[in-house]
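The values are calculated or read from the model by the stated rules, or taken from the named source; none is laboratory data. On a predicted model such as this, the values are computed, not experimentally measured, just so you know. Note that we place each Cβ from the backbone using ideal geometry, even for glycine, and neighbour counts take in every protein chain shown.
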Amino acid sequence: MSQPLSQTEQEPHDQSQTDSASSTDASLPMYDTVIIGAGMSGIAAGIRLAYYDQRVCILEKHTTIGGLNSFYRLNRRDYDVGLHAVTNFTEKGAKKGPFSRILRQLRFKWEDFGLAPQRRSRIAFPGINLNFDNNIDYLTSEIRREFPHCIDRWQNLLAGITDYDDLDQTAFEISARERLNETLGDPLLINMLLCPLMWYGNPREHDMAWGQFCIMFRSIFLEGFARPHRGVRLILKNLIKKFRGLGGELKLRHGVAKILTEDGTAVGVELENGNRIHCKRILSSAGLVETLRMCDATSEPDPRLAGQMSFIESISVLDKQPQELGFDETIVFFNDSNDFHWTPPAEGLCDVRTGVICSPNNYVYDAAEGKLPEGIMRLTTIASFDRWDELDEAAYRREKLRWYDRSLESCVRFVPDFRQNVIDMDMFTPTTIRRFTWHDNGAVYGAPDKILDGTTYIPNVFLCGTDQGFVGIIGAMMSGISMANLHCLKD
């Protein structure tokens with residue numbers, strides 16, 4: 001969901017994955033496809049194209065890969081960023097679903113991702129809880145218990161979501177709240193269902209596009225949560241190994257300044273160091289607004305195209321396993337009133353009325369892997385990019401500590417109080433997300449309006465990743481593969 005911030009504000013770096021940037025070679029070769037951004041979608045697209053003998057180059061502005069899902073090391077501890085959970089989980093041998101399609105299209109084995117399923121998660125509102133796991137029958141039984149008058153409507157909703165076409169742009173834009181009011185009718189149940197789906201992939205304030213709702217509903221409730229024992233490193237390591245093994249080129253510290261065009265068609269990119277790279281087509285995971293800005297440096301894109309939803313996230317290291325403190329759930333989505341508000345805070349730096357708390361310790365790891373060495377609790381709450389961006393350095397560091405305390409104070413109303421067991425912590429803010437992703441407003445889920453076919457006004461420049469429409473680790477990879485198949489394998 002996010003991007004790193006160490007307390008020393010140092011950039012995450014992994015020497016084994018870094019290619020030195022060239023500052024002198026201005027005669028770079030012609031590529032079939034240049035991919036902007038070495039996140040999950042960009043790398044997956046690169047692998048797919050390299051299988052078809054395309055000459056592919058991934059350009060990454062920073063010194064490490066992963067985009068919104070990366071990792072770093074601080075105080076001799078390894079930290080994942082962005083990885084609460086891998087959604088769209090399916091058991092080994094499954095033939096359907098996005099994860100199975102990724103394994104086939106990228107030619108990986110199920111074991112290459114090393115995924116362990118969740119134990120149990122919960123949606124917590126005042127006086128009422130809905131528990132769920134990776135079997136939809138459990139959530140159905142919970143709804144039957146708490147909302148018995150809605151059970152028939154719930155079954156009708158499940159049928160409609162199963163039949164939904166992910167690439168139907170017209171149906172995608174329908175209001176999820178309006179559709180749920182028609183289908184379920186109960187405001188509290190609607191808010192409880194929207195809470196985790198918005199938290200894990202909704203860029204739109206107040207409401208949610210029906211298409212995004214269906215995609216997220218499937219990924220969380222019909223498929224489910226999982227996590228690799230060794231974190232996101234394992235996934236990234238296997239992806240980049242496969243890409244390079246197929247002849248793909250990865251150039252870190254190669255930020256793109258602009259997309260070069262001739263007669264309305266892209267012919268390459270100009271790097272921030274002034275060098276130029278020529279190509280037949282471009283696939284950008286940088287985001288809609290950010291890509292449009294590269295296409296035309298003389299005209300600023302409409303700011304309304306950019307998303308506004310950003311967050312703070314803290315990682316607390318404990319002296320005990322969370323289960324020893326009475327917390328055995330994987331993820332808790334909490335909200336402290338019956339009304340669920342999904343918008344940047346009207347006042348102050350953060351809104352801690354709602355949030356997500358996750359423990360990577362509470363997945364069902366294989367016995368041979370054992371427990372994680374230390375207890376971890378991750379907490380995410382809504383934040384204002386503009387107000388964090390206005391702070392000077394001293395105020396910024398002071399407010400980080402203040403809002404770390406306030407967010408923990410809010411979340412322990414819904415989970416066992418672990419504050420006395422914290423031995424180390426780290427935290428990122430919206431400005432960190434901006435710094436490491438260059439997304440306007442530090443928007444984690446990108447633009448509110450998605451471009452499902454990935455096209456732009458330049459005929460050979462295409463989008464993949466969050467602003468194309470699929471989110472999360474599996475969704476991002478599926479986006480990269482889908483757009484590569486659709487636009488880059490025609491010749």
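See the values below:
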quantity: Out of K251, K242, sole residue that is in contact (Cβ under 8 Å) with a residue 40 or more places away in the chain, in contact with an Asp or Glu (Cβ under 8 Å, 6 or more places away or on another chain) and surrounded by 18 or more Cβ atoms within 10 Å (Cβ to Cβ); calculated: K251
quantity: Looking only at segment 37-58, and only at residues there that are in a strand (DSSP E or B) and either hydroxyl-bearing (S, T, Y) or in contact with an Asp or Glu (Cβ under 8 Å, 6 or more places away or on another chain) (or both), the one that is surrounded by the most Cβ atoms within 10 Å (Cβ to Cβ); calculated: V56
quantity: Search result, residues across segment 65-122 that are acidic (D, E) and without any contact (Cβ under 8 Å) to a residue 40 or more places away in the chain; calculated: E91, E111
quantity: Of the criteria (1) in contact (Cβ under 8 Å) with a residue 60 or more places away in the chain; (2) in contact with a strand residue (DSSP E or B) (Cβ under 9 Å, 6 or more places away or on another chain); (3) among the aliphatic types (A, V, I, L, M), which one L486 fails; calculated: (1)
quantity: Members of segment 439-461 found to be of a type in the set (S, T, Y), under 26 Å from H62 (Cα atoms) and surrounded by fewer than 21 Cβ atoms within 10 Å (Cβ to Cβ), listed by number; calculated: T455, T456
quantity: Filtered residue count, segment 59-93, keeping only those that are in contact with an Asp or Glu (Cβ under 9 Å, 6 or more places away or on another chain) and surrounded by fewer than 17 Cβ atoms within 10 Å (Cβ to Cβ); calculated: 5
quantity: Where a residue in segment 312-332 is farther than 8 Å from I376 by Cα and basic (K, R) and its partner, wherever it lies, is modelled with pLDDT of 95 or more and not in a strand (DSSP E or B), with Cβ under 6 Å and at least six apart; calculated: K320/N421
quantity: Residue identified as of a type in the set (A, V, I, L, M) and out of contact with any Pro (no Cβ under 8 Å at 6 or more places or on another chain) among I382, I474, I423; calculated: I423
quantity: Criterion: surrounded by fewer than 22 Cβ atoms within 10 Å (Cβ to Cβ), part of a loop (DSSP other than H, G, I, E, B), assigned by TED's automatic domain parsing to the domain that holds A124 and not polar (S, T, N, Q) - qualifying residue of D366, D424, D405; calculated: D366
quantity: Of the criteria (1) charged (D, E, K, R); (2) under 30 Å from L288 (Cα atoms); (3) in contact (Cβ under 8 Å) with a residue 12 or more places away in the chain, which one D392 fails; calculated: (3)
quantity: Failed condition for F213, given (1) in a helix (DSSP H, G or I); (2) under 16 Å from the mean Cα position of the chain (by Cα); (3) surrounded by fewer than 23 Cβ atoms within 10 Å (Cβ to Cβ); calculated: (3)
quantity: Selection count, segment 376-402, where residues are surrounded by fewer than 18 Cβ atoms within 10 Å (Cβ to Cβ) and part of a loop (DSSP other than H, G, I, E, B); calculated: 3
quantity: Residues of segment 311-334 satisfying the condition of being under 22 Å from the mean Cα position of the chain (by Cα) and either assigned to a loop (DSSP other than H, G, I, E, B) or outside the structural domain of P430 (by TED's automatic domain parsing) (or both); calculated: E329, T330
